[in-house]
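Q: Have a look at this one.
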Amino acid sequence: MHDSENTETEFDEGPVTDQDIRRMALGYIDHAFAEAVADGLDSAAVAHAALFTAFVDLVTTYGEEAVAQLAEGLPERVRRGDYTLFKPMH
């Protein structure tokens, strides 16, 4: 969802929150991911590349120990459904 006019309008309408920035960033990543898959790349390969890129950036920014601590919590978050978009109805 890259629409520079819309992005500028959002910034002009008032203070941008951290949640707004994260939502916009997710839109950029989602768009790039969809474009790569549309170009024929396997979605699992794109996901692994995105994770690798994200971890490289996080390690560069926060250091290995901080990122290792963050990664320790990932299994629980996955099992809890934090990354599940469509949960089965019971």
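Read-outs: derived from the displayed coordinates by stated rules, not from any lab. Keep in mind that what you see is a predicted model, and the values were worked out from it rather than measured. Glycine gets a Cβ as well: all are built from the backbone with ideal geometry, and neighbour counts include every protein chain shown.
Q: Condition first: of a type in the set (Phe, Trp, Tyr), under 17 Å from Ile29 (Cβ atoms) and not in a helix (DSSP H, G or I). Now tell me which residues in region 49-90 satisfy that. Walk me through it before giving the result.
A: In the first step, residues of region 49-90 are kept if they are of a type in the set (Phe, Trp, Tyr); the result is 52, 55, 62, 83, 86.
Keeping just the survivors that are under 17 Å from Ile29 (Cβ atoms) gives 52, 55, 83.
Across region 49-90, the qualifying residue is only Tyr83.
Q: Yes or no: region 35-46 includes at least one residue that is more than 12 Å from the chain's Cα centre (by Cα), exposed (fewer than 11 other Cβ atoms within 10 Å of the Cβ) and among the aliphatic types (A, V, I, L, M).
A: Looking for residues that are more than 12 Å from the chain's Cα centre (by Cα), exposed (fewer than 11 other Cβ atoms within 10 Å of the Cβ) and among the aliphatic types (A, V, I, L, M), one finds at least one in region 35-46, hence yes.
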